[in-house]
Every structure is written in C-alpha cells, then in structure tokens.
1. Just wondering, is there one or more residues in region 151-162 that are in contact with a helix residue (DSSP H, G or I) (Cβ under 8 Å, 6 or more places away or on another chain), within 26 Å of residue 178 (Cβ to Cβ), in a strand (DSSP E or B) and at pLDDT 95 or above?
2. If the requirement is being under 25 Å from the mean Cα position of the chain (by Cα) and crowded, with 18+ Cβ neighbours inside 10 Å, which of these qualifies: 320, 300, 343, 311?
3. Starting from residues that are touching a helix residue (DSSP H, G or I) at 6+ places or on another chain (Cβ under 8 Å) and modelled with pLDDT of 95 or more, keep the ones in region 349-369 and report whichever is surrounded by the fewest Cβ atoms within 10 Å (Cβ to Cβ).
4. Residues of region 248-272 being exposed (fewer than 13 other Cβ atoms within 10 Å of the Cβ) and under 22 Å from residue 225 (Cβ atoms), which ones?
5. For region 324-338, state whether one or more residues are within 25 Å of residue 229 (Cα to Cα), surrounded by fewer than 16 Cβ atoms within 10 Å (Cβ to Cβ) and without any contact (Cβ under 8 Å) to a residue 12 or more places away in the chain.
6. Assuming residue 27 fulfils every condition listed in (1) crowded, with 24+ Cβ neighbours inside 10 Å; (2) touching a residue at least 60 places away in the same chain (Cβ under 8 Å); (3) in contact with a strand residue (DSSP E or B) (Cβ under 6 Å, 6 or more places away or on another chain) apart from one, which condition is it?
7. Any residue in region 191-199 that is out of contact with any strand residue (DSSP E or B) (no Cβ under 8 Å at 6 or more places or on another chain) and either farther than 25 Å from residue 74 by Cβ or buried (at least 21 other Cβ atoms within 10 Å of the Cβ) (or both)?
8. Based on this model, can you work out whether residue 46 counts as more than 23 Å from residue 173 (Cα to Cα) and modelled with pLDDT of 95 or more?
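The values are calculated or read from the model by the stated rules, or taken from the named source; none is laboratory data. Given the structure is predicted, the values throughout are model-derived calculations rather than measurements. Neighbour counts run over all protein chains shown; Cβ positions are idealised from the backbone, glycine included.
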C-alpha cells in the first residue's frame, strides 16, 4: 500500500525545523517532497555536523524521505524554474519572512498566479502582524516570551529548554494545517495560505499557566524541578542516579502515601487535593527523596512501577538510545549517509495509523543530489541544465 499522501508534491524551501519538519511529516506519509537549497548548501544543512561533508544531525532528521535540488531563486532563470516547479506542485512550505517570500516570488499571490489551487504553508517568529512582525527569531524567542523560560529553573536563574519544542510544535501545527487545507481543496478546488508562528505555538503550549495568571493572578515563581500544582512532582536522587516521579490526582496520591508509610497524610488538610499538595510540595518532595535515597534507581522504578505510579529514569542521550523500551518499539530508523561512519538513528513519525503506512524510506539527500532528475521532469534537457549550472542558477 502506498502512503496516504502519495501523488502530492511538496516544494520545501524551509530552513532549520519549523518548515522542514512539517515537510518531513508529509514525506513520511508518501508525499514527493523536493528540498530546495542554496547552491552552496543552506545554513541548516551544517548544524551540529556529524558527517565528512559537514552534514549536520539536525539536517539528517529534518530531511529524510526528500529529494534535493539546488537553486538560486533570485535570478530570472531561477524564478522561471520556481514557476515551473510550482505548476507541478500541491504545497509549498517556506518558513521565511514575508519580505523574503516576496523577493523569491514565493508569496501566495505569486504562487497562485502559477497554480491557482496551490497551498502555501509558512511560519514566522511572531506572526504577520503586530509590532514585532518584521523581527526574526528562533525557537528561544517563543520560549522566552511565553513565560516558559521564566518558570523554568530557579528564581534567580531562568533556563530555556534544551529541546526546541517551539520549533517542533510549530512544525506539527503547520503539518496539521496543511492536511486540513488539502482536505478543503478536495471539496472546493481552491488553495489557500496556511500560517504558523513560533510565538503563537509557545503561548498555546503555556496557555494553562497564562489562563491561571489572567483569572486568579497566581503570580507563580519558578521552583526548579518541583511542580507546583501537584506533588510529588519532582526529580529525585537515588543511590546511583536520578528519577522523575509525577503524582497527579488523588487516586495516585493515595497509593503513593501508603507506599511511603504515611497513610495518616491522607487525612492531612495540607494535602487535601492536588493544589494543596503542590503548595506543600517541599514537604512531600523531602519524604520522597528520603525513600529514593535508600534505593537504587532500578529498585525504586520496580516498586513504583508495580504500584502504577508514573516514574522514569533520567537518561543520558546514550542511555536513551540504548533503552530497551525505545529499542523494542523501533522508534528510530537507522539510515546510512555517505561519509557518516555509522548509521544515523532517525526518529520515525511518532504516531501510528492502523490502516496507513508511514515510513522513513531513505536518508536525507546529498546537496543537489536530484537536481538533474528534477530539472528533466520540468522539461529541461542536459544542455540547458549544464548552461544553468555554468551560470550559477542551479
């Protein structure tokens, strides 16, 4: 069975994560995705280099299942190639500022002139409006402006998350919007513009905290790893490592209190509900820490697992790769890449459709690996391709 998006062509002009990962998700489900890069390679190809040619770990993940061509869309010949590409496509993905889209003739009006029912999926840092519309930014600006950085860490030292969750969340929203636009086009025959924004994603993910602030003015301050609206909800040191334990809801708390040998806490008004337990979190965390400190990580997790209390070991990156659950579920597809030395464990799309396959079918492409083939599909013969290459168009 072919992928559910087989027959859909996507032009990926994206950079870094928000655009490329959106396109990668579409490719995983069968879309023909053409990654279009600068002739010398786009900057995101070389982030966190791991390969002999400088290819980066991020690029290997973001660009699986894609074909690659190089192109300078700022030249007249390049813009003609863009026009021909768009005429064959269903979706254009480009997480670029509006002014850049216009200069590259990738704004919606220019695209629609080439193909009436085209779908443009784009995202910016702040959204196309408001006082910050012209500013650029990465994942961190969303984290910082959403309240998430402030609430992470200690009162005198905020921390951003190491993982770029704002970028990935924006990519997911954009992929969802693209699928919705494809469904709408099937009914109406019309294309449309799909827009995401890093800041919009970030405030969506922190929305519960922002609602609480707006409604009751909780004015929370950071408390390190300890949660504030339930307990125990913290990181705990064992005899040989660290674990996380998250007890949310009274049924879980009852099991936890009995396990700790503190059944009298079930009638203690300090711990009457999640919010009260969160407010007295230091007391509960101290009790849990004493319990964990007497046990190895394996012993603690075995007991907590039997009691159905959510807990897990804090893993290093290597331990995450080696974890038996990760291995058993096959979350990664090992992909070879020229000059890499060993296979890269590329994460598969983390959602399963029972009646539709999704797969990482092939590695990220070499720079311009498919340029000649794609140009031939557009009607350019070998001589024309050679001339365009001499003129630094492709």
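1. no
2. On inspection, the qualifying residue turns out to be 311.
3. 367
4. Within region 248-272, 249, 270 qualify.
5. Looking for residues that are within 25 Å of residue 229 (Cα to Cα), surrounded by fewer than 16 Cβ atoms within 10 Å (Cβ to Cβ) and without any contact (Cβ under 8 Å) to a residue 12 or more places away in the chain, one finds none in region 324-338, hence no.
6. (2)
7. For region 191-199, residues out of contact with any strand residue (DSSP E or B) (no Cβ under 8 Å at 6 or more places or on another chain) and either farther than 25 Å from residue 74 by Cβ or buried (at least 21 other Cβ atoms within 10 Å of the Cβ) (or both): present.
8. yes
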